[in-house]
Structures are given as structure tokens and as C-alpha cells.
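Each remark here refers to the structure printed beneath this line.
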Amino acid sequence: MKEFRGRVAVVTGGASGIGKALAKAFLGEGMRVVIADVEARALEAATRELGGSVLGVVTDVSDPRSVQALADRVFATHGACHVLCNNAGVAVPNLDLWETEPSDFAWVYGVNVAGIAHGVQAFVPRMIASGEEGFVMNTSSGDGGISPLAPQVVYASSKAAVSIMTECLAAQLVGRGTKLRAAILYPSGGMLDTGIWTTKRNRPPALARVKPVDARQETTFKAFMEGAKKAGFELPVQDLDELARFALDGIRKGDFVIMIDRASMEATLRERAAKLARGECPITLEHMGLA
């Protein structure tokens, strides 16, 4: 897509973090923007802050009926969707796989994986039927899509699924001769101060853990950064507005992988592939803090 002005963008998880930054970037291009989020108060605040032609719709992406209702609202209001950003995501504390509970996977996969499928199912048929060019950008993570971290087994495996699902979607859109294209957004460039650090606030009571986790396994962005500094690590922080503008440029260029310093993944993936080819586990002890 080269032209954005006057077109319609929909962003899930749009009330904060990367989602809100994307909405701001789209507005800067003269687009009509719809932000969807499960948090009604945060959504109302973000809509006021962004102003312009922003429409906020409370949406639970894990519920296909809720996402269908979002699509109905978008098409009833604007008559089209040109850019769909399936961005909503959640995470659980770091746990060994045998310490996880079924609800951990039900919640994270329901939002991170099924949520994207629901977005595609609700929007893409209508986007194809319009005959207009369009773009679907799914937010994944390098933790899973490129180099999974063993302690984050639930989150990392969900994001690996997002990457593969998006590869399949992109091939299908081209193979069927549609005017739509798809891309993976790998948030990158440094540490990211987003709501993913505190998503526990949105965990449904019906999917609460039976066994509580150690409080030390849950932290905020600020606490994590302070701990890293005390340990002697100066970690770079990526500005979210800059990341969003970079993503918009990736959409304009038609990139499939949208990632700052994208070339850096090659060495990581080559090493990973080499270990797999030798029959080895690619995840090292350093990833576990055991070396």
C-alpha cells in the first residue's frame, strides 16, 4: 500500500502501548482509525487522547462474536477496512512447562493466537470482496518467532504460532489472487514499555490459576529495568512512536517481515537451523540462566 490518506485502519489492543502508537501513526497519515481493546476505561481515555476521527470499540479478541461485532461496526461506520492490525496480546509469568496450568494456555492462546484468527475471519472476507488493496499486520515477537526463551514457554510458543500462521496467510492471499497482503510485526529496537508487563489485570476470573505463582515471577517494566541496571546491564529502550512509524513504512513498502535491524536475525536463525540439523536443541543453557 502506498496511499493511506482517507483509508481505514483497525488496531486491536489499541488502547495502549504499540497499538496506541500505531493508531497515532495512522492518524498522522490522514487515515480514519478504529481502536479495539478489552479495557473500556483505557479505550475511552485513548480515544480522547488521540482525538481526530478515532472510533473506540470494546472488543474481546478471544471471543469470535465480539470480533465479528467489531467488524460489523467498522463496516457500518466506514464501509471498509484497508489496514487490519491484529495486535492484542497477553502473557503469563515465567514457569517451567510442568508448572503451567491449562488456564495459562487457554488465556494466552485465546488472545494471542485465536484472537488473530478471529480478526482474519471477521475482516478478510469483506476486505477481499471490496476489491480494494489492503494489508493485514499481525504482531508476533522475536521470543517465539525467531529465538524462543525457555522460561516464557506459554508466550513464546503462542508467538511462534502467530509467525507461522502469518506465513500461511500471506501465501494464501497471494495464491488466491487477492489484492491483500500480510506481514509479521516483530516489535524490536530495544526494550518495550507496553502493557504486556501487566496483562494479569485483564485475565478473566474463569481462567484464573488454581495455584498462585511466586510474586518474584511477576514484574513491571520499571522494576525490570531497575533490576537490570543494578545488575550492571544498560538496556536500550525503543520509542513506541518511532516503532509505529517504522511499521507504517514497512506496510508502505510491502515488507513481509517488519522489524528494526531485520538483518540481525539471519545469524540467529542460521545458528538455530544448524543446531536442529545436528539433532540438537537450539535453546542453550544461557537462555535458562544455568550456564
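The values are calculated or read from the model by the stated rules, or taken from the named source; none is laboratory data. Treat the numbers as computed from the prediction; the structure is a model and nothing was measured. We place every Cβ from the backbone using ideal geometry, glycine too, and count neighbours over all the protein chains shown.
Computed quantities for the displayed model
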read-out	value
Enumeration of residues in the stretch 124-141 that are of a type in the set (D, E, K, R) and part of a helix (DSSP H, G or I)	R126
Residue within the stretch 9-24 that is surrounded by fewer than 16 Cβ atoms within 10 Å (Cβ to Cβ), closer than 19 Å to G79 by Cα and among the hydroxyl-bearing types (S, T, Y) present	no
Selected residue (criterion: nearest to G13 (Cα to Cα)) from residues of the stretch 167-195 that are among the β-branched types (V, I, T) and in contact (Cβ under 8 Å) with a residue 60 or more places away in the chain	T194
Any chance V67 is in the same structural domain as S130 (by TED's automatic domain parsing) and either aromatic (F, W, Y) or part of a helix (DSSP H, G or I) (or both)	yes
Residue in the stretch 249-267 that is among the small types (G, A, S) and farther than 30 Å from G28 by Cα present	yes
Residues within the stretch 33-81 that are among the basic types (K, R) and within 19 Å of Q121 (Cα to Cα), tallied	2
Qualifying positions in the stretch 25-41 - under 25 Å from S62 (Cα atoms) and crowded, with 20+ Cβ neighbours inside 10 Å	F26, R32, V33, V34, I35, A36, D37, V38
Qualifying residue in the stretch 71-80 (condition: in a strand (DSSP E or B) and either more than 17 Å from the chain's Cα centre (by Cα) or more than 16 Å from I35 (Cβ to Cβ) (or both))	no
Residue within the stretch 174-184 that is more than 19 Å from N138 (Cα to Cα), modelled with pLDDT of 90 or more and surrounded by 14 or more Cβ atoms within 10 Å (Cβ to Cβ) present	no
Options V90, V74, V83, V67: the member that is touching a residue at least 24 places away in the same chain (Cβ under 8 Å), out of contact with any strand residue (DSSP E or B) (no Cβ under 9 Å at 6 or more places or on another chain) and not polar (S, T, N, Q)	V90
Helices (runs of 4 or more DSSP H) fully within the stretch 142-260 counting 2 or more residues that are more than 23 Å from M1 (Cα to Cα) and of a type in the set (F, W, Y)	221-230
Selection from the stretch 247-271 of residues that are under 21 Å from V10 (Cβ atoms) and touching a residue at least 24 places away in the same chain (Cβ under 8 Å)	A247, L248, G250, I251, R252, G254, D255, F256, I258
Residues satisfying the stated conditions in the stretch 1-60, i.e. basic (K, R) and in a loop (DSSP other than H, G, I, E, B)	K2, R5, R7
Some residue of the stretch 98-109 being in the same structural domain as I35 (by TED's automatic domain parsing) and in contact with an Asp or Glu (Cβ under 9 Å, 6 or more places away or on another chain)	no
Counted residues, the stretch 225-241 - those being touching a strand residue (DSSP E or B) at 6+ places or on another chain (Cβ under 9 Å) and surrounded by 10 or more Cβ atoms within 10 Å (Cβ to Cβ)	5
Selection from the stretch 145-191 of residues that are more than 23 Å from Q121 (Cα to Cα) and within 14 Å of the chain's Cα centre (by Cα)	A156, P187, S188
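Each row is one residue, and each column tells you yes or no for (1) buried (at least 23 other Cβ atoms within 10 Å of the Cβ); (2) modelled with pLDDT of 95 or more.
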position	(1), (2)
S53	no, no
S62	yes, yes
V67	yes, yes
V74	yes, yes
N94	no, no
E99	no, yes
V108	yes, yes
I128	no, yes
